[in-house]
Amino acid sequence: MHIAEGVLSAPLLITGATMTVVGTTIGLKKLDFDRIAQAGILASTFFVASLIHIPVGPASTHLILNGIIGLILGWSAFPVILVALLLQAVFFQFGGLTTLGINTLNMALPAVLCHYLGAPMLSKSAKSASIAAFACGFLAAALAAVGVGGTLVLANYEFWEVSTLIVAANIPVMLIEGFVTASCVAFLLKVQPTLLGTAKGA
């Protein structure tokens, strides 16, 4: 779900970069020392999961896992996703350096929103936690796809059809993200519930 270089206008690139700097600054301030290892693991997981790309016009689709990252890290999802996208841009030319800000924003902001919506539900019953986790995984991927599509439309209205295709192509990904996030949360609640518990104070 990376937007390639040379597609967006300068105002969009600057806006995306500025908002990502703000989000990353907040995320770094909230990233406690004892959660740095968690952040590293999640960054590497995001990095690997999103290496498999399916091209869709000027963008691409792939697993994101921003739902589970958001649930666990909250605002700290910004620096985690930023680092992973930076490495992908440098080593594999996915996305690009000029679009790094807007790509990070499109993936990290939904993660933060889902954190505030879903994290409070994780301390309730197992059923509530499972439903909340699925919803967060699905919604985070959906909002990321809408963000990418919306960004392309803002850049050029002629991208409307492509933007619609991007959102439609990601519907299976949204469902997979929901099930993966629900499975991860169910597993963590059994083996290490404190990992999810720390997300509440993020």
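The values are calculated or read from the model by the stated rules, or taken from the named source; none is laboratory data. Computed from a predicted structure; not experimentally measured. In this analysis, Cβ positions are derived from the backbone assuming ideal geometry, glycine residues included, and neighbour counts consider all displayed protein chains.
A few comments on the model shown:
Quick grid of which residues meet (1) farther than 29 Å from Phe159 by Cα; (2) in contact with a Ser or Thr (Cβ under 9 Å, 6 or more places away or on another chain):
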position: Pro11; (1), (2): no, no
position: Leu28; (1), (2): yes, yes
position: Leu65; (1), (2): no, yes
position: Thr98; (1), (2): no, no
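- So Ile64, is it in contact with a helix residue (DSSP H, G or I) (Cβ under 7 Å, 6 or more places away or on another chain), crowded, with 24+ Cβ neighbours inside 10 Å, modelled with pLDDT under 90 and under 26 Å from Lys190 (Cα atoms): yes
- Of the residues in the stretch 69-81, at least one is in contact (Cβ under 8 Å) with a residue 60 or more places away in the chain and among the β-branched types (Val, Ile, Thr).
- Complete set of residues in the stretch 119-149 that are of a type outside the set (A, V, I, L, M), surrounded by fewer than 18 Cβ atoms within 10 Å (Cβ to Cβ) and either under 14 Å from Thr181 (Cα atoms) or touching a residue at least 40 places away in the same chain (Cβ under 8 Å) (or both): Pro120, Ser123, Lys127, Ser128
- All helices (runs of 4 or more DSSP H) inside the stretch 105-202 with 1 or more residues being in contact with a helix residue (DSSP H, G or I) (Cβ under 6 Å, 6 or more places away or on another chain) and under 28 Å from Ala37 (Cα atoms): 126-155, 171-191, 193-197
- The residue of the stretch 2-56 that is surrounded by the fewest Cβ atoms within 10 Å (Cβ to Cβ), among those that are modelled with pLDDT under 85 and of a type in the set (Ser, Thr, Tyr), is Thr45.
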